[in-house]
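The values are calculated or read from the model by the stated rules, or taken from the named source; none is laboratory data. Predicted model, so just to flag it, every value in this text is computed and none were measured. Cβ placement follows ideal geometry from the backbone for every residue including glycine, while neighbour counts extend to all protein chains displayed.
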Amino acid sequence: MERDERKQQVLVGFCVVAGVAGLILLIAWARYLPGLGGEFFGRILGVISTPFLMEASFCVLGLVLVMGLNIWRQRRDGDELVYLEEVKNPPANLPDQARWAVYQNAPLATGPPDASLLLEGALAIGDHASALEILEAMEDSERRKPETMLHRIALAKATGKDELARRLEAELASGAG
């Protein structure tokens, strides 16, 4: 795949050089037009082929081409601004690739996560001890919310407490009805 990309880059570069050469040849042939058009292109050819002015005109032409290609690429690829998130005070055994991350979109605002989200995460990874600690730290009103009740039922089933799971399901059904 890298070879195809290099061939494409060489082809694009060749096309740019051929385009500039073609433009100069077109201007050189256009000076033979009759009247004002021929005089105009003759003067342009004289300016771009004069020492010092030729280099300056190629510099301006190259700058316009590079800027035009860059604007076209930015419109095609989108904004290249990224957000870099780095781990502060990383442990010594943390691999280099885990010390930072690059995001296209701005990261969410940091803050303490909701206890219900922590409970859901602990259940998802099977950390039942942490899930119990999170439940114990919750207030009673938060424990009775329907989404938390579903997590409590899942935890009860995962730890083999089927009677507790049935009681919590009945409590959820009576509270929802």
> For the range 134-177, which residues satisfy the criterion of being among the β-branched types (Val, Ile, Thr) and either surrounded by fewer than 16 Cβ atoms within 10 Å (Cβ to Cβ) or more than 43 Å from the chain's Cα centre (by Cα) (or both)?
Replying inline: Thr159
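Yes or no: Gly42 surrounded by 11 or more Cβ atoms within 10 Å (Cβ to Cβ), of a type in the set (Gly, Ala, Ser) and either in contact (Cβ under 8 Å) with a residue 24 or more places away in the chain or outside the structural domain of Glu169 (by TED's automatic domain parsing) (or both)?
Details: surrounded by 11 or more Cβ atoms within 10 Å (Cβ to Cβ): yes; of a type in the set (Gly, Ala, Ser): yes; either in contact (Cβ under 8 Å) with a residue 24 or more places away in the chain or outside the structural domain of Glu169 (by TED's automatic domain parsing) (or both): yes.
Spelling it out, Gly42 is indeed surrounded by 11 or more Cβ atoms within 10 Å (Cβ to Cβ), of a type in the set (Gly, Ala, Ser) and either in contact (Cβ under 8 Å) with a residue 24 or more places away in the chain or outside the structural domain of Glu169 (by TED's automatic domain parsing) (or both).
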>> Among the residues of the range 97-128, what is the count of those that are surrounded by 10 or more Cβ atoms within 10 Å (Cβ to Cβ) and among the polar types (S, T, N, Q)?
In response: 2
>> without any contact (Cβ under 8 Å) to a residue 40 or more places away in the chain, more than 30 Å from Ala154 (Cα to Cα) and either in a strand (DSSP E or B) or of a type outside the set (A, V, I, L, M, F, W, C) (or both): is that true of Glu80 in this structure?
In response: yes
> So which residues in the range 85-117 are outside any loop (DSSP other than H, G, I, E, B) and in contact (Cβ under 8 Å) with a residue 12 or more places away in the chain?
Replying inline: Glu85, Glu86, Trp100, Ala101, Val102, Tyr103, Ala115, Ser116
> Only one residue in Asn89, Asn70 is of a type in the set (S, T, N, Q), at pLDDT 85 or above and surrounded by fewer than 12 Cβ atoms within 10 Å (Cβ to Cβ). Which one?
Replying inline: Asn70
> For Ala131, all conditions in the list (1) part of a loop (DSSP other than H, G, I, E, B); (2) crowded, with 16+ Cβ neighbours inside 10 Å hold save one; what is the number of the exception?
Replying inline: (1)
